[in-house]
Each structure stands twice: as C-alpha cells, then as structure tokens.
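The values are calculated or read from the model by the stated rules, or taken from the named source; none is laboratory data. None of these values were measured; they are calculated from a predicted model. Neighbour counts are summed over all protein chains in view; Cβ atoms, including those assigned to glycine, are modelled from backbone coordinates with ideal geometry. In case anyone asks, the SASA skips ligands and DNA or RNA and just uses the protein heavy atoms, side chains included. Shrake-Rupley method; radii C 1.70, N 1.55, O 1.52, S 1.80 Å.
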Amino acid sequence: MSENICLRTSFLVLMTSFIIYWCVATHLQFTYRSDNLNLRMEALTHELQFLSKNYATFLKEYFQSQQTQKDLEKPIENVIGKVFDNVRTDIATAKDMLSALQSSISRTPPVTERYDFALESSGSEIASIGQTDLVSYSFSYLFFGPFQIKNAPRLAINPLLNPGECFAFKGSTGEVTIKLRDWLFVDSVGVDHITDDMSASGTIQSAPKEFSVYGLKSLSDPKPFKFGTFVYDIEKRIPAQFFVVERQSTESVLYVSFRFHSNHGDGKFTCVYRTRVFGVLDESRSEIRFY
C-alpha cells in the first residue's frame, strides 16, 4: 500500500515538474519571439520614418522644381520674344538701309560718266616718266624715208583706244606722272586697255597687271601719298576698269603718279592705253570753270 502511494506521489511530482518546465519554456519562447518581433517592428518603424521623410523631401523638391519651372517659363518667353523682336527690327533696318543704298546707287551716275581729270584736253599734261625705257618703232613717213617715233606717254591721257596707239615701255615696270590742271581730292582711278578681240594676235599679255597710284603736291614731293595698289584683270574682258582708292587723302594733290609693277606675261614690253583720275576739285585752290 505504501509503495502505491510512493509511485503516485512520484508521478505527480514528475507531472508537476513537466508542466512547470513546459510553462517556463513556453513563456521564454514567447518572450523571445515577442522581443524579436518588437525589434523587427522598431526597425520597420525606423525604415518607414526614413522613407516617409525622404519621400516628403522628394515631393517638396519636385513641387519646388515645378514651381521654379513655371516661374522661369514666363521670363524665358519674354527673353525669346525680345530676341525675335530685335531680329525683326534688325531685318527691317537692314531692308531700309539696302533700299536707301539702292536708291543712292540709282541716283549716282556711272563712273564712266564722271569727269576724267587726267585728260589732256582738260588741261592736264605728262610731267614725268621717271626712268621708264620707252619702246620705239620705225615707219616710212612721206618722202623723208624711215623715221623713228616713240609711243608717246601723252597717249596715256588721251581717250584713244586704237590697237597700237598706247604708252609703251620696255619690260613690265614703268611709270607716268600726270600734272593735273588743278588741285584735286582723288577718290578713284582707272586704266584702259584693248580686249583680246581687238588685238591682232588675239592676246593682250602686254596689258598692265599690278600698279600703284600716288598723289604728290609737287614733282619733287619727298612724301608721296599712296592711294593704293590695284590689279587690271584681263579675264574680265572689260576695256576700262575703275578702282576706288584704298586710302583717301585729306589734302588735295596736283600730281598723280601711276607706277606699273607687272604685266600679264609679255617679256618685251607693256602697253598702257589710258589712265584716268577721278575726284573733287579743291575749291579753296581751284579757279577752273568748266563750260
């Protein structure tokens, strides 16, 4: 009887111990899971806070950028509008200037209609040819037999344009200085030559090419004023070619010197048919009256 009681007591103790152990273990496991869950909840909370903060910043920056864009749109439109207004104004101004220029050109007589102050008939004369070596030729003159004559420099200030009747000099360099009838403010010059159609050989290599023009107050002027260097272009097939001076003197001149530096390939001589000088008379010195 006593053994049964001991067994029952032992069984009850064991059962009680097991129940207590199970309860403690369950509690501990629940506590661990609860703590772990709390930690995860806290981490999730921090992450949500971080995301919400960044998202709020993003939204704030986005709306600010949208507002900034709207704020900039109007000034940009104003700037673009002003640019196009300026372009339209510039175009209109350019059209007006072009129209005025065309009108001015239409009222200005061609240079061929201007008075040539280098003409011998106007009172001008050849003052010097420097060291230029003239070309001469011979022909029978009535009963006097062969007669030597030179291509006179004065042909360069006459309006003739007949083949062979020119101021001719040996080689490709030479000069001719013209004494004008009166003091002149020179603004442009000209050189004439026959075309290849007018030449017996069909070529005009003897035509002058590069030349310079100077203004002098006297024949011995130590400081001639250079109006510029120009090129007579035979490819243009234009007999009379005109050139606006590259530099315009503020003082009038009485002499104009044409200095020829090269021709279009002829090794023997250069032929100058005519030189021209254009400008405005110096009224403070001039006593000329043209009728």
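Data overview
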item: Ordering of 203-212, 188-197 by packing [mean C-beta count within 10 Å, highest first]; result: 203-212, 188-197
item: Contour minus Cα-Cα distance for V244 and F11 (0.36 nm per residue); result: 70.2 nm
item: Carbon and sulfur %, accessible surface of the stretch 133-276 computed with the full protein complex present, 1.4 Å; result: 53
item: Most to least packed among 169-175, 156-162 [average Cβ atoms within 10 Å]; result: 169-175, 156-162
item: Whole-number accessible area per residue in Å² for the stretch 171-219, which is evaluated in the context of all protein chains at 1.4 Å; result: 37
